[in-house]
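Nothing in this text is a laboratory measurement; each read-out follows from the coordinates by a stated rule. Since we're looking at a predicted model, the values are computed, not measured. Reconstructed Cβ throughout: ideal geometry from the backbone, glycine too, with neighbour counts over all protein chains shown.
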Amino acid sequence: MRVAFFYLLLLSLVALTLWRGRTDERLAAGVCVGGTVLTVVVGNKLAIHHSLFDFAAFLVDFAVLAAFVAIALRSTRFWPLWVAGLQLTTTFVHLLMVIAPALPGGVFGAALAFWSYPILLLIAIGAWRTPLIERWRSAGDIASPQGIT
């Protein structure tokens, strides 16, 4: 049920970024889709054994982190920095598995899955606010009587 809910959120995010987002939001949504598909393709052992270090899953999460950092570095918006930071947290959970394997496996699984939802939420907020930000930037004068509604 949780996986189906995540896929529904992911598809909703893609639809929202196509509707209201621009390049950064669409790229970020594409990275989320690509990361999800690659995680399924590599057969994510973490879904079964939350206490084993899975190098393939680590590489997928690291590639997603690199993509989010690249988006953040080229973006004029703030939300990509938050997304990259949250993905960095997810990536470090893999390293924590190597450093402290005695921790209960559920801790790793929960930490890896948890941060996906705020990442989707931040991208969705960024996409939703994009037209507003564009209108604000095109107004020229911040104190203009047009205002932002």
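Footprinting exposure proxy ranking of 16, 8, 103, 112, fewest other C-beta atoms within 10 angstrom first, gives 8, 103, 16, 112. Pull out a ≥ b ≥ c, the square roots of the eigenvalues of the alpha-carbon gyration tensor of the stretch 1-89, then state rounded if a/c is under 1.5, prolate if not and a/b is larger than b/c, and oblate in the remaining case. Cα axes put the stretch 1-89 in the oblate bin. Each Lys and Arg adds +1 at its Cβ and each Asp and Glu adds -1 at its Cβ; summed about the Cα centre, the chain shows a dipole of about 260 debye.
Only helices enter this figure: runs of n ≥ 4 DSSP H residues, each worth -39500 (n - 2.57), summed and divided by the residues of the chain, yield -25500 deg cm²/dmol at 222 nm to the nearest 500.
Counted residue by residue at 0.36 nm each, then reduced by the alpha carbon distance between them, the extension gain from residue 133 to residue 33 reaches 33.5 nm. Beyond 16 Å, how much of the Cα-Cα pair distribution for the stretch 54-128 remains, as a whole percent? Across the stretch 54-128, Cα pairs with separations above 16 Å total 50 percent. For the chain, the Kirkwood estimate of the hydrodynamic radius, built from every pair of different alpha carbons, is 16.5 Å. With neighbours defined as other Cβ atoms within 10 Å of a residue's Cβ, the residues 79, 128 order from fewest to most as 128, 79. Going from the fewest other Cβ atoms within 10 Å to the most, the residues 123, 99, 71, 133 appear in the order 99, 133, 71, 123.
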